[in-house]
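Here's the structure we're looking at; comments come further down.
Please treat every number below as a calculation from the coordinates, not as lab data. Predicted model only: the values in this text are computed from it and were never measured. With ideal geometry, Cβ positions are generated from the backbone for all residues, glycine too; neighbour counts draw on all protein chains shown.
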Amino acid sequence: MFKKKINIKVKFLIIGFCLVILLIFFIWPTNYYIESPGEVDRVSDYLVTKENKVSHNLYLVTVYGRKANMIDYLLSLLRSDESRFYSKEIMGDTNDNQYDQMQKCYMKSSQNNAIYVAAKSAGIKFKIRYQGVKVLEVLPQSRFYSKLKIGDMIIKANKKNIRSSAALIEYLKKYPLHKKLKLTILRNKKEKQVDGKLINIPRLKKHGIGITLLDNTEIITKAPLKICTPDIGGPSAGLMFTLACYQVFTHKRLSMHKKIVGTGTIEADGHVGTIGCIKQKTIAAARANADIFLVPAECLQGEKKSQTNYQIALKTAKKLKTKMKIVPVYNFRDAINYLKNNK
């Protein structure tokens, strides 16, 4: 009788231990992120303008991203609408905070490009106000590696005011390698000074600070227009921001009764660039009953045609058996022409 009680206790201890190990295994963090279909939001909700009538016919699409633990990773293998990415594929060598800062920088640049391209296409007069140079990346070999952070804005090099990346590059052309350079930066709206020497950058065949730069600009138009996105980051809504701004500037609606969803980055020359998670965005657009889904048609160097955003969106839409029209877009003018001819 006594021996049986001991055996029962041992069994319970073993079972309990196994359950604890199993629980730890399931909640153990992985180095993977899971991307799933997100929301489809009206672009007009992000515009700040004095215009009384703003069209609500254009929509941007987002994805949900989350860091996966072991059970989440395993369950995602059973969900056809989710994809798994190794953390370095998404974040590179940055940490969470650095990545967030980088996405904010890309979003700001995307908004400026959107207003610039829309104003230029609509024939609206505008001014470009250069406010400084944003730091997007600091090379590990840079003498400023531990001193500069992603998101810092350089406003002075020694005593020279710096308003653009071109101005900074020009200033550094003849700056001696052995001489310390003092940079004045804005970090969290506070001025700070850091110094260090330049380094040789072999791939560029010149010397420099060892950072990736992004101009921090503001586009000023007669009719004030701003884009406010407190809860989303990255450049992938650039195309849809541009179309929405274009409607505001021209006072013309690009579609009458169709729900237009789209994605793609926007460059200052109007080029529409490739984005990530196109499969999830196509699913989200279809679930939102979009009539038209504008997607980048760009084929990156070394990329197979079947791997382009457009081809993946077509394949995904076919599987979903949706009536949503997938429209390839190389540049802003492509989108304008299609929407004008297919109202």
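Numbers at a glance
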{"item": "Residues of segment 226-245 satisfying the condition of being in a loop (DSSP other than H, G, I, E, B), within 21 Å of GLY276 (Cβ to Cβ) and out of contact with any helix residue (DSSP H, G or I) (no Cβ under 6 Å at 6 or more places or on another chain)", "result": "ASP231, ILE232, SER236, ALA237"}
{"item": "Residues (in contact (Cβ under 8 Å) with a residue 12 or more places away in the chain, of a type in the set (Gly, Ala, Ser) and assigned to a helix (DSSP H, G or I)) located in segment 7-61", "result": "SER44"}
{"item": "Segment 293-322, residues that are touching a residue at least 24 places away in the same chain (Cβ under 8 Å), closer than 24 Å to ASP41 by Cα and surrounded by fewer than 20 Cβ atoms within 10 Å (Cβ to Cβ)", "result": "ALA297, ILE312, LEU320, THR322"}
{"item": "Unique match (being touching a helix residue (DSSP H, G or I) at 6+ places or on another chain (Cβ under 8 Å) and either in a loop (DSSP other than H, G, I, E, B) or small (Gly, Ala, Ser) (or both)) among THR322, THR316", "result": "THR322"}
{"item": "Identity of the residue in segment 38-54, charged (D, E, K, R) and surrounded by fewer than 18 Cβ atoms within 10 Å (Cβ to Cβ), that ends up nearest to LYS279 (Cα to Cα)", "result": "GLU39"}
{"item": "Within segment 55-80, tally of residues that are within 18 Å of LEU254 (Cα to Cα) and surrounded by 15 or more Cβ atoms within 10 Å (Cβ to Cβ)", "result": "5"}
